[in-house]
């Protein structure tokens, strides 16, 4: 009786798992509240990513375009793009994901007008978090690529005490400063 029941369960599982239907596409990842806050308030030299993703979301194209425009107009300027992750997953996996994020931003900067010799891409993975990984918001803010000016930085650019780059928001089209319409 036990063998018959086991065969019946196994047969049901095989039938249930086989289908001729195409897989359902997952909806596009939506930015978290922390990512929206980062876009609005944090800085204009970081591109934030959804969990386990390395594609640049539309809301960060202004950051890429502004930095690429500056680099295109200032041939002596150079940047280092550092890819970062939250602390979920292994060190090796996160180093790889951080590199993919940095490479995506580098590729976008070059496509928008920067010279390939002006941009270096590296990964920190999860090794140097700037925000607390104990919270969802902190982890979301750690999923980013920072554009760090190494040589000839734009006016209004600085790196904060937390190591995150900051620039005058007026340099980036489409960003709104508090109190400015």
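Return the only residue of 47, 63 being part of a helix (DSSP H, G or I) and either at pLDDT below 95 or in contact with a helix residue (DSSP H, G or I) (Cβ under 7 Å, 6 or more places away or on another chain) (or both).
Details: 47 fails: part of a helix (DSSP H, G or I).
None of the other options fit; the residue is 63.
Do you know which residues across segment 70-79 are closer than 14 Å to residue 110 by Cα and surrounded by fewer than 18 Cβ atoms within 10 Å (Cβ to Cβ)?
Once the filter is applied, which keeps residues that are closer than 14 Å to residue 110 by Cα and surrounded by fewer than 18 Cβ atoms within 10 Å (Cβ to Cβ), segment 70-79 yields 72, 73, 74, 75.
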Quick one: would you say residue 82 is under 24 Å from residue 156 (Cα atoms), touching a strand residue (DSSP E or B) at 6+ places or on another chain (Cβ under 8 Å), modelled with pLDDT of 95 or more and buried (at least 23 other Cβ atoms within 10 Å of the Cβ)? yes
For segment 159-181, enumerate the residues that are modelled with pLDDT of 65 or more and either under 15 Å from the mean Cα position of the chain (by Cα) or more than 19 Å from residue 48 (Cβ to Cβ) (or both). 165
Has segment 86-93 got any residue that is surrounded by fewer than 23 Cβ atoms within 10 Å (Cβ to Cβ) and touching a strand residue (DSSP E or B) at 6+ places or on another chain (Cβ under 7 Å)? yes
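Taking the options 121, 72, name whichever one is part of a helix (DSSP H, G or I), at negative phi and in contact (Cβ under 8 Å) with a residue 40 or more places away in the chain.
Values: 121 fails: part of a helix (DSSP H, G or I).
One residue alone meets the criteria, 72.
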In segment 96-128, anything more than 18 Å from residue 55 (Cβ to Cβ) and surrounded by fewer than 19 Cβ atoms within 10 Å (Cβ to Cβ) is listed as 113, 115, 116, 117, 120, 122, 127, 128
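Of all residues being in a strand (DSSP E or B), modelled with pLDDT of 75 or more and out of contact with any helix residue (DSSP H, G or I) (no Cβ under 8 Å at 6 or more places or on another chain) in segment 124-158, which is farthest from residue 106 (Cα to Cα)? Just the residue, please. Before the answer, list the steps.
Looking only at segment 124-158, we keep the residues that are in a strand (DSSP E or B), and these are 124-125, 144-151, 158.
Filter once more, so that each one left must be modelled with pLDDT of 75 or more: 124-125, 144-151.
Applying the additional criterion that residues be out of contact with any helix residue (DSSP H, G or I) (no Cβ under 8 Å at 6 or more places or on another chain) yields 146, 148-151.
Numbers: 146: 11, 148: 12, 149: 13, 150: 14, 151: 16 Å.
Within segment 124-158, the match that is farthest from residue 106 (Cα to Cα) is 151.
The values are calculated or read from the model by the stated rules, or taken from the named source; none is laboratory data. Predicted, not measured: the structure shown is a model, and the values here were computed from it. Note: ideal-geometry Cβ built from the backbone for every residue, glycine included; neighbour counts use all protein chains shown.
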